[in-house]
Every structure is written in C-alpha cells, then in structure tokens.
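Undergrad: Here it is, the structure in full.
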Amino acid sequence: MALPFASALKETLKQGYTFQDLRADLLAGITLGIIAVPLAMALAIASGVPPQYGLYTAIVAGAVIALSGGSRFSVSGPTAAFVVILLPVTSQYGLGGLLLATLMAGAIQLSMGALRLGRLIQFIPAPVTLGFTAGIALVIASLQLKDFFGLSGMDNTAHFFVKLMDFFSLVGQISWGDFLVGAVTLAILIVWPRLKTPVPGHLPALLLGTTLALLGGHWFSGFEVTLLGDQFTWMLNEGTANEISGRGIPPVAPSFLFPWLMPNAQGDAIGFSWELFSALLPAAFTIAMLGAIESLLCAVVGDSLTGTKHDPNAELVGQGLGNIVAPFFGGITATGALARTAANIRAGGRSPFAALFHALMVLASILIFSDWLSYLPMAALAGLLLIVAWNMSEAHHVIRMIKTAPNSDLLVLATCFSLTVMFDMVLAVSVGIVLASLLFMGRMAQATQTYTLSEREHQNMQLPKGVAYVRIAGPLFFGAAEKALGRLSQVATGIDAVFVDMQQVPSLDITAIDSLNSAIDQLILAGKTIIFIGLSPRLILKLRRAGIRKSTHLSFARSANQASKRWQKKPATPALDL
C-alpha cells in the first residue's frame, strides 16, 4: 500500500495550474507572511525560546507540510495550542529537548498517516476538544500578563493559580508604558475587523504599537517600554575572528543543525540517550496527538469554506514530515493554523503554493527586516497573543453548548477545561475521552431494549401457540448485554419455542455473544427451541465463529412468518436430561 503523500499538490497540478492561480497564491502568501511573522515570534517567545525559532518553523515546516500534505488550503506553523505543552519541555530540557520532542512527535504523526489513522480523529467528542482548547486559551492568556503589564519579576513557568497570585501581588509594579502599548495594540486588533478592509489587523496594530513605544518617551516622562531587542540578542561565529552579534533576531536564513547538539536547560549539548528518549516520549506523544487533532480540524474548516475535500492520511504524513525536517533547521513544533488557513482562503489562496509563498515571505522578512523587528514591543506581541487566545477559546461556541447540550456533555466540557487549567492537557484529554466514552456507553445501554410481545400482539402476528416472541433492538455490547438478554432466561413455563427477533441489532461484541450462548444453553436444557429472526449474515457468521451454529434446537429465519412455518413443521423435542 503506497504512502499517502502530497495529495493536495498532486490534485492541484492535475487540475492545471495557471498564471492567474499563481498570482492569487502569491498575493495570499504575502498577506499570510504579514500575519505569520509577528505571530511566529510571539509564539516562540511564549514557548520559552528566542523568536527566530518560531520564524524558522514557519519557513521550514510551513513549506514542507504545504508540499507534502493533504489539504490544499491549510497553512502550518507554530500555533498557540502548543504553548502550554512546549513551555514545560523548554523549561526542563532547553531548546535541544524541545527540538528532539518535535522530531519524535513528527515520527509518530508520520506513522499515523502511514497506518491510515486519519479518520480516527473524528471520534474525539466535541466537548473534549472544546474543553481543552478553551482551557489552553485561558492558560495562554495568563502567560501574556507578564509582558502586557511589564512585570519583569513575574514567573511564567509557575502554575496557573500561582501566576495569578504573583500578578496581583505585583500590581503596584505595573509598567504603564508597556500597558499602554499593549492596550492600544489590543484595541486595534479588536476594532480592525469591523472595518472590512483586506489589510490584516496585525500590521496596523503592531505599527501603531511600535510607534507609540518609540515616541512615547518624548511625550511622557518616565515612559518606558521593553522591546524585542532588549530581551533577546544573538551571536554568530562565536569565538572566531568573524564573530558578530546584535539585538532581536539574526539576519540569516535557517541553517542545518543536529538537534542533539543544541543546548539543554543548563546550556550544554543535550545529546541523546534512552533515558532522555523515555523522558521526552510523553510530551512527544501529546504533541503528536494535539497536532493531529488541530491540523485535521484545520483541514475540515478549509473544506467547509471552499467546498473541497482533504486527504486526512496525507495531511498526517505531511505534518509528520514537517515536524521531522524542521528541528534540523531550528524549527519547533508546527501544525495547521486555523486563523491563518481562514486568512489564506479570504485572501484568495487557491493551492498549497500559497502556503509555500507565505514561508518565502517569512524568510524574506528575516533577511531584509530583521533589524526593524528588534523594535517590536513585547507588550504589543502579548496583546497579539491575547486576541489569539480569545479567538481560540471559541467563547460563543462554549456559551451555545452550555445552553443546548445535555448535562452529560457539559460534565465532559467542564472536566476537560478544569483539568487543562489545573494540571495539563494530557490528563484533560485522557480523562475527557474516558468519561465521554462511559457516558456514551450508558446512553447506548439505555437505548438497547428487549420486549416480549403481549398476547394480543401475538394473535395479530398469527404466531403459533407455545411460542414466546422476544424482540431486541439496539447494539448488544458489554454495557447492554446482561440487561437485554436477561429476558430470554425469564421465558414462562409451557413455552416450547422462543423466537428472538434481532432485525434491529446492528452489532454484537464478545460479551454479548457469551451472554447469548449462556441463554441458549439454558433454553436448550429446558427443552426449548430457539429461532433467531432477521439476524444479518455478518452477525450470523460472527456467531458461527463463536460456536453458535444451526442445530436441532437452534435455527435462523429471515422473518417471523418463515420462523412460524419452520416451527410448525418441526417435531416436539423433550427437555434434555443431563
């Protein structure tokens, strides 16, 4: 079986790629680049690494995933959802650990795509997805308090509630310059979409925020703002005669490196060992699962906006390849970005080449505008991530679910949200899926019903005397089998045969088969004949494999009429004397 690979690109080229398509993709790529540059830097900083590594992710992973994935319109890069997973990894294992975890996650995603597991993501319930994304959004918002208010003494690696207590204890130290710049940036980002202009709001918001930061000191005394270049510096060719350094981000393209030679939290080369692999594996698995969920949701959104259809397995392969290649160029975790994908479609993007041009636009920004980017205020980037967190929370969707969803779904939603905020997303998703599954099984067990026909219904169907007619409706699985099949053992005395109508039974599991076998044995011991009615050939085959076969006391019929004729021709059989 061939590896699902680059299906979106193949489809684009098969349909024909014209100059008009190229022009539309190029313009969309420029728009996306304007959006991606500040976002990639802000998300890298929020993940605990210097801003250039977010840009490297948008360049390398963005291009690789676009060309090898299964969605024509998805745009990939660093996203806000990963911040709560990546920051603890960076804090404990440094940049090297983060790159290795990304590499491992990419291998897992590639394996998922090769095994064609893309469709399994659809079995994650909406309350689970909405609960943990809303929880992540709240945690991301809390991470921006430090830079938005200029609180240099605040510890962003602390627990959510500890951060809140730190914030309130440091309120008296708020930098009003940082706060004003952040507030202006946030206000523009909120108001700009209402103007219905094709220019993305990130550009005017950051331009005005940066202008205020640079000129505010001339207008107000004591007006101080922390810039990107104040917090991050770079050095190239360290220890050589060609050593150069600067503020902000280095003006060079991403270059090849070995992730295991990058620094750990102590600044030494992290290396690679079985102990490190085991320690990083839980984070890598979480990254892979969240990346799969988010990228496939992103592709679904793209399909809904364009009327197209993506290939989920090829998309997982593309995501895996992107996350395998990116760490060798300094890129951190990437996945499909919902907001950038929607912006791509609104900007007129028509193919994966739009995402490729977006990656090239980010590369051009590094090479040409790196000095200018060092003047971006940290508070403005925090304001940008606050609006990202708000959009990610899908507050309107949460409110609608609270108003309309059953209590069981609200329990799952609240559980996932709370566990994400108080502990971590791994626990939230695990508990959420288990809880949702248990509640679903409970509902399915209630939906499975067993019903014995009354004497009047018996006469209306013209059934023979001495026959009990039991109708079972619904799936027979371990949660419903005992209740549904218990009625068979309660057949009244004086009954010679039991007709078991299973036309509305879509499935049987091994627990139901064992319970059914036990009920059949009891009825045969009592000298009764069993005729199954309407059972599908697939389920009959499953029963035969379990040893439940046609015999003197057991047979199968397509309808009640056929069962009646078969019984009337059958001689009476005495109870077995064992």
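The values are calculated or read from the model by the stated rules, or taken from the named source; none is laboratory data. For clarity, every value in this text was computed on a predicted model and none was experimentally measured. Backbone-built Cβ (ideal geometry, glycine too); neighbour counts: all protein chains shown. Side chains are part of the model used for accessible areas, which takes the heavy atoms of the whole protein and leaves out ligands, DNA and RNA. Shrake-Rupley method; radii C 1.70, N 1.55, O 1.52, S 1.80 Å.
Undergrad: Could you give P(r) for region 285-380, binned at 10 Å from zero, as whole percent values over all Cα-Cα pairs?
TA: 13, 39, 34, 13, 0
Undergrad: Which angle from 0 to 90°, rounded to the nearest 10, does the C-alpha axis of helix 126-143 make with the longest principal axis of the chain?
TA: Helix 126-143 and the main axis of the chain meet at about 20 degrees.
Undergrad: Let me check something: with ligands and nucleic acids excluded, how do 260, 234, 192 order by accessible area (1.4 Å probe), largest to smallest?
TA: Numbers: 260 90, 234 35, 192 65 Å².
Reading off the accessible areas and sorting them downward yields 260, 192, 234.
Undergrad: Can you give the accessible area of residue 35, probe radius 1.4 Å, in Å² rounded to 10?
TA: For residue 35, solvent-accessible area is about 10 Å².
Undergrad: What translational diffusion coefficient, in µm²/s and rounded to a whole number, does the Stokes-Einstein relation yield for region 244-305 at 25 °C and a viscosity of 0.890 mPa s, taking the hydrodynamic radius as the Kirkwood radius over Cα pairs?
TA: Values: Rh = 15.4 Å.
It comes out at roughly 159 µm²/s.
Undergrad: Can I ask one more? Just want the answer: with Cβ charges of +1 for Lys and Arg and -1 for Asp and Glu, which residue in 564, 382, 144 is farthest toward the dipole's positive end in the chain?
TA: Going by the charge dipole, the pick is 564.
Undergrad: So, one more: With +1 on each Lys and Arg Cβ and -1 on each Asp and Glu Cβ, how big is the dipole of region 400-460 about its Cα centre, in debye rounded to the nearest 20?
TA: Numbers: 4 positive and 4 negative charges, 41 e Å.
It comes to approximately 200 debye.
Undergrad: Could I ask something else about it? Counting residues in region 120-268 as N, plug N into 2.2 N^0.38 Å and put the Cα Rg over that result. Before the final figure, lay out each step's value.
TA: Numbers: Rg = 20.1 Å, N = 149, 2.2 N^0.38 = 14.7 Å.
So region 120-268 has a normalised radius of gyration of 1.36.
Undergrad: Hey, what's the per residue convex hull volume over the C-alpha atoms of region 356-402, in cubic angstrom?
TA: Cα convex hull per residue, to the nearest whole number: 79 Å³.
Undergrad: Expressed in nm², what is the orientationally averaged projection area of the convex hull enclosing the Cα positions of region 117-163? Write down the numbers at each step before the final one.
TA: On the way: hull surface 18.5 nm².
Approximately 4.6 nm², given one-decimal rounding.
Undergrad: Could you pull out every residue, at least 5 positions away or on a different chain, whose amide H is within less than 5 Å of the one on residue 79? Hs are placed 1.01 Å off N in the peptide plane, and Pro or chain starts have none.
TA: 335
Undergrad: How far, in nm, would the chain grow between residue 541 and residue 215 when pulled straight, counting 0.36 nm per residue and subtracting the alpha carbon separation?
TA: In short, 109.4 nm is gained.
Undergrad: A follow-up question, please. So what is log10(I(q)/I(0)) for region 67-200 at q = 0.10, 0.11, 0.15 1/Å, when the Debye sum runs over its Cα atoms only?
TA: Taken in order of the listed q values, log10 I(q)/I(0) reads -0.53, -0.64, -1.06.
Undergrad: Hey, could you pull the Cα Rg and Dmax for region 340-433, both in Å?
TA: 19.3, 55
Undergrad: Further question on the same structure: In terms of Cα to Cα distance under 24 Å, which lysines are near enough to residue 146, apart from those fewer than 8 places away along the same chain?
TA: By straight Cα distance, residue 146 reaches 163.
Undergrad: For the chain, take the longest principal axis of its alpha carbons; what is the angle in degrees between that and the long axis of helix 510-525, to the nearest 10 within 0 to 90?
TA: Helix 510-525 and the main axis of the chain meet at about 10 degrees.
Undergrad: Check which residues have an amide H placed less than 5 Å from residue 533's amide H, if you skip close sequence neighbours.
TA: HN-HN under 5 Å from residue 533: 500, 501, 502, 557.
Undergrad: Over the heavy atoms of residue 155, what accessible area does a 1.4 Å probe trace out, to the nearest 10 Å²?
TA: Number for this one is 70 Å².
Undergrad: Which of 493, 541, 510 sits closest to the plus end of the dipole of region 477-550, meaning its Cα is farthest towards the positive end, when Lys and Arg get +1 and Asp and Glu get -1 on the C-beta?
TA: Result: 541, furthest along the dipole toward the positive end.
Undergrad: For the chain, give the percent of accessible area contributed by carbon and sulfur heavy atoms, probe 1.4 Å, rounded to a whole number. Each step should come with its number before you reach the end.
TA: Numbers: 16710 of 26720 Å².
Of all accessible area on the chain, carbon and sulfur atoms account for 63 percent.
Undergrad: I've got another one for you. Just to check, using Stokes-Einstein with a Kirkwood Rh over alpha carbon pairs, what's the diffusion coefficient of region 1-129 at 10 °C and 1.306 mPa s in µm²/s? Kindly include the intermediate steps, with their values, before the conclusion.
TA: Details: Rh = 16.7 Å.
This corresponds to a translational diffusion coefficient of 95 µm²/s.
Undergrad: Can you give the relative contact order of region 15-113 as a percent, counting alpha carbon pairs under 8 Å and 6+ residues apart? Don't skip to the answer; put the middle values down first.
TA: Details: 66 pairs, mean separation 21.3, N = 99.
Relative contact order comes out at 22 percent.
Undergrad: Rank these residues by their accessible area, most exposed first, probe 1.4 Å: 18, 185, 233. Don't skip to the answer; put the middle values down first.
TA: Values: 18 65, 185 0, 233 105 Å².
Ranked list, largest accessible area first: 233, 18, 185.
Undergrad: Then there is this: Residue-wise, which Karplus ³J(HN,Hα) couplings in Hz belong to region 185-198, taking 6.51 cos²θ - 1.76 cosθ + 1.60, θ = phi - 60°, and x for glycine or proline?
TA: With the stated coefficients, region 185-198 comes to 4, 5, 4, 5, 5, 6, 7, 4, x, 6, 7, 6, 9, x Hz.
Undergrad: Turning to a different aspect of this structure: Put +1 on the Cβ of every Lys and Arg and -1 on every Asp and Glu Cβ in the chain; which of 252, 444, 355 then has its Cα farthest towards the positive end of the dipole?
TA: My answer, from the dipole projection, is 444.
Undergrad: Sticking with this structure for a sec: Quote the Stokes-Einstein diffusion coefficient, in whole µm² s⁻¹, for region 453-567, based on the Kirkwood radius over alpha carbon pairs, a temperature of 20 °C and a viscosity of 1.002 mPa s. Before the final figure, lay out each step's value.
TA: Working: Rh = 14.2 Å.
In µm²/s, the coefficient rounds to 151.
Undergrad: Each residue of region 272-288 in turn: what ³J(HN,Hα) in whole Hz from Karplus with 6.51, -1.76, 1.60 and θ = phi - 60°, glycine and Pro shown as x?
TA: Whole-Hz 3J(HN,Hα) from phi for region 272-288: 8, 8, 5, 5, 5, 4, 5, 5, 8, 4, x, 5, 5, 5, 4, 4, 5.
Undergrad: Provide the per residue accessible area, probe 1.4 Å, for the chain, rounded to a whole number of square angstrom. Write down the numbers at each step before the final one.
TA: Working: 26720 Å² over 578 residues.
Roughly 46 Å² per residue, with all protein chains present.
Undergrad: Leaving ligands, DNA and RNA out of it, rank 162, 500 by accessible area with a 1.4 Å probe, largest first.
TA: Values: 162 60, 500 0 Å².
Correct descending sequence by accessible area is 162, 500.
Undergrad: Too long at a 20 Å Cα-Cα cut-off: which of 196/309; 196/403; 14/309? List each step's numbers first, then the result.
TA: Values: 196/309 28 Å; 196/403 31 Å; 14/309 15 Å.
Cα-Cα > 20 Å for 196/309; 196/403; rest within.
Undergrad: If you average 1/r over every pair of different alpha-carbon atoms in region 201-301 and take one over that average, what Kirkwood value in Å do you get? Spell out each step's value before the answer.
TA: Values: mean 1/r = 0.0535 Å⁻¹.
Hydrodynamic radius (Kirkwood, Cα only) of region 201-301 equals 18.7 Å.
Undergrad: Still on this structure, please answer the following. Can you work out the base-10 log of I(q)/I(0) for region 425-468 at q = 0.29 1/Å, using the Debye formula on its C-alpha atoms alone?
TA: Calculated log10 I(q)/I(0) at the listed q: -0.94.
Undergrad: Another one. Long-range amide H contacts for residue 452: which residues qualify at under 5 Å (H placed 1.01 Å from N, peptide plane, sequence gap of 5 or more or a different chain)?
TA: Amide H neighbours of residue 452, under 5 Å, 5+ apart: 471.
Undergrad: Related question: Hey, any idea what the orientation-averaged projected area of the convex hull of the chain's Cα atoms comes to, in nm²? It would help to have the intermediate numbers written out before the result.
TA: On the way: hull surface 143.2 nm².
Hull-based average projected area comes out at 35.8 nm².
Undergrad: Give the average over all directions of the projected area of the C-alpha convex hull of region 296-454, one decimal, in nm². Let's see the in-between values first.
TA: Working: hull surface 61.5 nm².
Computed as one quarter of the Cα hull surface, the answer is 15.4 nm².
Undergrad: Show me, for region 347-353, the HN-Hα J-couplings you get by feeding each phi into the Karplus relation (A = 6.51, B = -1.76, C = 1.60, θ = phi - 60°), rounded to Hz, glycine and proline as x.
TA: 7, x, x, 10, 7, x, 5
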